[in-house]
Amino acid sequence: MRTRIGWAVAAFLTALATAVAPAASGSAAAHAPLSQPTAATAAAAAATGPWTGTWAVSPQSGGAAFNQQTLRQVVHTSIGGTSARVQISNAFGAQPLAIADVHIAQRSAGSGTVAGTDQVVTFGGQSSTTIAAGALAVSDPIAFAVPALSDVAISIYLPQGTGASTYHQQGSATNYVASGDVSGSGDLTNPQTVGSYFFLTNLDVQNSASQGSVVTLGASITDGYASSFDADRRWPNDLAVRLAQTGHVVGVLNQGISGNRLLVDGAGPSALHRFAQDVLAQPGVRWVIFADDPINDLGSTSPPPSSDQLIAGLQQLIATAHQNGVQFLCSTLTPYQGAGYWTQQGETAREAFNAYVRSAGNGCDAVVDQDAATHDPANPTMYLPAYDSGDHLHPNDAGLQAIANAVNLALFGAPASAPVVSLRAHANGDIVTADNAGSAPLIANRTAIGPWETFDLLSNADGSVSLRAHANNDIVTADNAGSSPLIANRTAIGPWESFDLLDNADGSVSFRAHANGDIVTADNAGSAPLIANRTAIGGWESFDLIHD
């Protein structure tokens with residue numbers, strides 16, 4: 001019988017009260033064969049209650065060296081929490097790493113922090129510590145409230161030469177380097193900017209409603225290559241937004257490494273070699289989504305592996321996850337014809353791998369069909385042009401959103417609670433109401449939020465959402481197969497009561513009705529009732545989702 005280790009891993013990680021624990025050795029530990037986490041690869045501060053990761057990156061070797069400089073690194077959270085802790089890695093260091101004067105604060109803009117939010121971070125009660133080569137430092141719990149889907153600035157002073165750093169190369173975000181110890185400064189003066197993360201690998205939170213964390217394990221597509229810089233549009237970020245909007249309290253931890261492979265070390269240890277540390281040792285882990293690594297095996301390994309070899313590697317990961325009580329979500333491989341390393345031999349193996357992932361008896365707990373979500377139906381070995389970043393290998397922001405949308409949120413269980421939301425129409429800036437206690441169609445004509453303007457946002461098993469009106473406790477329907485305005489008059493959820501919640505580039509959302517496949521609009525600049533009769537999204541079809 002399997003035993004869930006989502007919380008067992010977290011409990012294990014809190015076993016040591018001191019913040020420093022040596023790994024077996026720098027690169028040797030990272031290249032160890034598949035195994036469960038041990039005290040040699042992780043440690044944590046003693047705390048009350050389990051921890052859940054809200055942000056993470058996978059460590060790599062060969063980063064820049066620093067000396068008497070402050071790193072201020074900005075991380076974007078998935079879930080919130082009432083307290084925090086940070087993890088700092090010297091996994092690939094060749095010498096001890098001295099750190100001092102570590103701070104955490106809410107980020108305002110640029111390198112600035114929000115006044116009054118700064119907190120000092122300690123390790124074993126001390127403001128400085130030295131991390132042995134190959135080791136990990138986990139801070140003491142910090143009295144710091146972490147909001148969900150927010151930017152947190154973590155500053156680390158490096159008082160002496162570090163040598164080549166443990167880092168994460170593809171940050172897709174701006175971080176800051178300043179001379180001297182300025183960790184406690186509200187803003188940094190003329191800092192150098194960098195696009196990688198150095199030493200910092202995790203931000204964890206305590207949240208009594210947490211359902212655990214999902215690790216997204218993959219290569220550059222997961223890592224966010226080709227996503228908009230400083231926009232947090234990697235598909236794991238998009239997944240975190242979807243989870244939050246539907247009331248799930250699930251941390252999303254991005255363990256993508258650009259160039260990474262399933263079978264062979266190179267850009268970081270292979271997925272086989274890093275699974276124990278990058279997945280099983282993550283705080284609160286309950287699920288893993290294994291994504292795009294095999295594409296690099298097919299394109300950058302000479303000779304490329306067969307589909308049977310890739311499938312054997314996948315089966316090894318699945319078995320290890322299941323031995324440790326972690327659910328394994330397999331992904332099909334996205335198309336890549338037109339990329340520089342595409343070959344017909346690789347394409348044949350990709351299609352065979354995808355066929356196996358989609359087959360019965362694959363061993364997967366579920367499948368995320370990234371291929372179906374992104375390929376061109378008219379040319380299935382290539383991306384849909386609207387999703388192609390231009391290199392035919394990496395999706396753009398829209399393609400990354402499509403991947404996130406392909407994840408069935410029901411796999412993560414029922415929401416912690418159905419979130420209460422209101423909708424503000426971009427058509428006129430007014431709030432949508434279920435007027436006359438819900439007996440009238442929905443319309444955007446209110447300037448304040450009351451019971452008639454609030455809805456429970458319900459997550460359905462197929463990944464769609466429904467709205468239950470507080471005005472009368474009925475479900476909103478796109479009546480008459482979508483030909484009638486939206487109205488709250490149903491007691492059960494069927495296709496007419498189901499909508500795809502679409503994330504727009506400006507942060508707003510739109511709704512696509514399952515009743516007819518059309519987009520909901522606040523027609524006539526919001527003066528007409530909401531109705532699903534549009535095929536494209538513009539201002540009238542965009543709404544701010546307000547969490548009440």
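Values as computed for the structure displayed
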item: For the chain, size of Cβ-based charge dipole, Lys and Arg +1, Asp and Glu -1, in debye; result: 1120
item: Angle in degrees between helix 235-245 and the longest Cα principal axis of the chain, rounded to the nearest 10; result: 50
item: Dipole of the range 150-247 [Lys/Arg +1, Asp/Glu -1 at C-beta], most positive-end residue of Gly195, Thr162, Ser183; result: Gly195
item: Translational D in µm²/s for the range 110-240 (Stokes-Einstein at 4 °C, 1.567 mPa s, Kirkwood Rh from C-alpha pairs); result: 77
item: Estimated translational D of the range 194-234 in µm²/s (Stokes, Kirkwood radius over Cα pairs; 25 °C; 0.890 mPa s); result: 190
item: Dipole magnitude of the range 218-316 about its Cα centre (Cβ charges: Lys, Arg +1; Asp, Glu -1), debye to nearest 20; result: 240
item: Accessible-area composition of the range 203-354, carbon plus sulfur, in percent [1.4 Å probe]; result: 49
item: HN-Hα J in Hz across the range 361-366 - Karplus 6.51, -1.76, 1.60, θ = phi - 60°, x for Gly and Pro; result: x, 6, x, 6, 7, 6
item: Accessible area in the full protein assembly, largest first, 1.4 Å probe, for His168, His547; result: His547, His168
item: Cut-off 12 Å between beta-carbons: net charge of the residues surrounding Ser307, Lys and Arg +1, Asp and Glu -1; result: -3
item: Residues of the range 456-536: accessible area per residue with a 1.4 Å probe, Å²; result: 38
item: D (Stokes-Einstein, µm²/s), Kirkwood Cα radius, the range 154-207, 1.002 mPa s at 20 °C; result: 168
item: For the range 384-470, size of Cβ-based charge dipole, Lys and Arg +1, Asp and Glu -1, in debye; result: 280
item: For the range 304-360: relative contact order, % (alpha-carbon pairs under 8 angstrom, 6 or more apart); result: 47
item: Carbon plus sulfur fraction of accessible area for the range 69-163, probe 1.4 Å, in percent; result: 53
item: Shape call, the range 226-337: gyration tensor on alpha carbons, a/c limit 1.5; result: oblate
item: Computed [θ] at 222 nm, helices only, for the chain once each DSSP H run of length n ≥ 4 contributes -39500 (n - 2.57); result: -4500 deg cm²/dmol
item: For the range 121-183: relative contact order, % (alpha-carbon pairs under 8 angstrom, 6 or more apart); result: 27
item: Highest-first arrangement of 52-62, 470-480, where packing means the average Cβ count within 10 Å; result: 52-62, 470-480
item: Largest to smallest principal axis extent of the C-alpha atoms in the range 181-268, angstrom; result: 39, 39, 23
item: Sequence of Glu351, Glu497 from largest to smallest accessible area, 1.4 Å probe; result: Glu351, Glu497
item: Cut-off 13 Å between beta-carbons: net charge of the residues surrounding Gly247, Lys and Arg +1, Asp and Glu -1; result: 0
item: Rg/Rg_globular for the range 461-548, with Rg_globular taken as 2.2 N^0.38 Å and Rg from C-alpha atoms; result: 1.01
item: Average Cα contact separation per residue, the chain, under 8 Å, 6 or more apart, as relative contact order %; result: 13
item: Net charge of Cβ neighbours under 9 Å - reference Ala522; Lys, Arg +1; Asp, Glu -1; result: -3
item: Debye-sum result for the chain in log10 I(q)/I(0), which assumes one identical scatterer on each alpha carbon, at q = 0.05, 0.06, 0.07, 0.08 Å⁻¹; result: -0.21, -0.30, -0.41, -0.53
item: Beta bridges per DSSP with both ends in the chain, % antiparallel, nearest 5; result: 85
item: The range 298-431 - convex hull of the alpha-carbon atoms, volume per residue in Å³; result: 148
item: Estimated vicinal HN-Hα couplings, Hz - the range 114-130 in sequence order (Karplus 6.51, -1.76, 1.60; Gly, Pro = x); result: 6, 4, x, 9, 5, 10, 7, 9, 10, 10, x, x, 10, 7, 9, 7, 10
item: Helix 307-323 vs. the chain, principal-axis angle (Cα, 0 to 90°, nearest 10); result: 90
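The values are calculated or read from the model by the stated rules, or taken from the named source; none is laboratory data. Predicted model only: the values in this text are computed from it and were never measured. In this analysis, Cβ positions are derived from the backbone assuming ideal geometry, glycine residues included, and neighbour counts consider all displayed protein chains. For accessibility, only protein heavy atoms count, side chains too; no ligands or nucleic acids. Shrake-Rupley method; radii C 1.70, N 1.55, O 1.52, S 1.80 Å.
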